[in-house]
Amino acid sequence: MESGNLSAVTEFIFTSFPQTQDGSLLYFFPLLFIYAFIVLGNLLIFFAVRLDKRLHNPMYNFISIFSFLEIWYTTATIPKMLFNLISEKKTISITGCLLQMYFFHSLGNSDGILLITMAIDRYVAICNPLRYQMIMTPHLCAQLSAGSCIFGFLILLPEIVMISTLPFCGPNQIHQILCDLVPVLSLACTDTSMILIEDVIHAVAIILTILIIALSYIRIVTVILRIPFAEGRQKAFSTCAGHFTVFLIFFGSVSLMYLRFNATYPPVLDTAIALMFTVLAPFCNPIIYSLRNKDMKNAIRKLFCFQKVLNASGV
């Protein structure tokens, strides 16, 4: 195709959404319920930790920040999905696509780094309990939390700036339900060899993160198994089980999506995997951190009681 016949693309079209109105509504209301549950559930966890002084320790501090990030992680994608489900045109502007990619992946990166921090926190607490308070000081916890967010947002910025300079002048159909790096790069009217580099960089980062967290938990389990009392072992396992479950769900879905290399999935499976790490994983987190945790349940119950007192007093 000659350059004179090329016209600049101003928007992308998502092709993985249901094309009929009835089919779209079938997915709209469950997705709306899930999004509301994610936002409300994570807000409850965040405020329960912040308002209950008994939970003012490194572990719950990291959980509250993780919950806060999860709200924005889903907000980067699900509202646009909901809009596309009820809209006749399943489109997104190039600027909107770049912003969605930036915030979605930046928040995902921050979540991943925070999961490393949470694994290290549990490692120190169980493998070196006598020095735990000396090592995990409030100042260090604040630095780790802020560093996770700042690094997560900075690391992707050069990549998004580079993508924003690429020409898009040919096909504009994204075979997915959200803007993602590789599908968008494949539409650029230029050399796409950078896609392979993107795959390698993302794969190495994901594998290193998984290895660091997995090694931490392997070490934790070996130490727990040496605890002579069954009650002590059960208590130690309970403090790590939630973190490990979240790690498995989050990085399991991420690995299916980004460690495929040259493998291609059928469109239905591709969409299902995308829904796993954009919807299912955040949906499970409030359940894991609230229903399975006695201290968290008490804090949430206390939060509701506090709200009732405010309502009774007319505040």
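The values are calculated or read from the model by the stated rules, or taken from the named source; none is laboratory data. These numbers come from a predicted model, not from an experiment. Using ideal geometry, Cβ is built from the backbone for each residue, glycine included, and neighbour counts are taken over all protein chains shown. When the accessible area is computed, the model is the full protein with side chains, heavy atoms only, and any ligands, DNA or RNA have been set aside. Shrake-Rupley method; radii C 1.70, N 1.55, O 1.52, S 1.80 Å.
Scanning segment 189-210 for residues that are of a type in the set (A, V, I, L, M) and either open to solvent by less than 60 Å² (accessible area, probe 1.4 Å) or over 28 Å from ILE163 (Cβ atoms) (or both) yields MET194, ILE195, ALA203, ALA205, ILE206, ILE210. A residue that is more than 29 Å from GLU11 (Cβ to Cβ), within 20 Å of the chain's Cα centre (by Cα) and open to solvent by 10 Å² or more (accessible area, probe 1.4 Å) cannot be found anywhere in segment 96-107. Filtering ALA274, ALA236, ALA281, ALA230 for residues that are crowded, with 19+ Cβ neighbours inside 10 Å, more than 20 Å from the chain's Cα centre (by Cα) and of a type outside the set (Asp, Glu) leaves a single hit, ALA236.
Quick one: would you say ARG226 is basic (Lys, Arg), free of Cβ contacts under 8 Å to residues at least 40 places away in the same chain and more than 30 Å from TYR27 (Cα to Cα)? In short, yes. I need the helices (runs of 4 or more DSSP H) fully contained in segment 134-244, keeping only those with at least 2 residues that are closer than 30 Å to LEU98 by Cα and in contact with a Ser or Thr (Cβ under 8 Å, 6 or more places away or on another chain). Hits in segment 134-244: 138-154, 194-225. Taken as a whole, the structure leaves PHE66 outside the set of residues that are without any contact (Cβ under 8 Å) to a residue 12 or more places away in the chain and under 22 Å from the mean Cα position of the chain (by Cα).
Only one of the numbered conditions (1) crowded, with 21+ Cβ neighbours inside 10 Å; (2) more than 30 Å from CYS169 (Cβ to Cβ); (3) modelled with pLDDT under 90 is not met by HIS56, and that is (1). Here LYS90 meets the list (1) at pLDDT 90 or above; (2) of a type in the set (D, E, K, R); (3) open to solvent by less than 20 Å² (accessible area, probe 1.4 Å) almost entirely, failing just condition (1). Residues in segment 19-39 that are within 30 Å of ASN298 (Cβ to Cβ) and either exposed (fewer than 12 other Cβ atoms within 10 Å of the Cβ) or at pLDDT below 85 (or both): PHE33, ALA36. Restricting segment 159-188 to residues that are polar (S, T, N, Q) and under 21 Å from MET257 (Cα atoms) leaves a set whose member that is least open to solvent (accessible area, probe 1.4 Å) is GLN176. Among the residues of segment 247-266, at least one is over 21 Å from the mean Cα position of the chain (by Cα), more than 21 Å from ILE210 (Cβ to Cβ) and modelled with pLDDT of 75 or more. Inspection of segment 151-158 identifies at least one residue that is aliphatic (A, V, I, L, M), closer than 24 Å to ALA274 by Cβ and either without any contact (Cβ under 8 Å) to a residue 40 or more places away in the chain or open to solvent by 70 Å² or more (accessible area, probe 1.4 Å) (or both). Does ILE126 count as in contact (Cβ under 8 Å) with a residue 24 or more places away in the chain, open to solvent by 20 Å² or more (accessible area, probe 1.4 Å) and under 17 Å from THR209 (Cβ atoms)? No.
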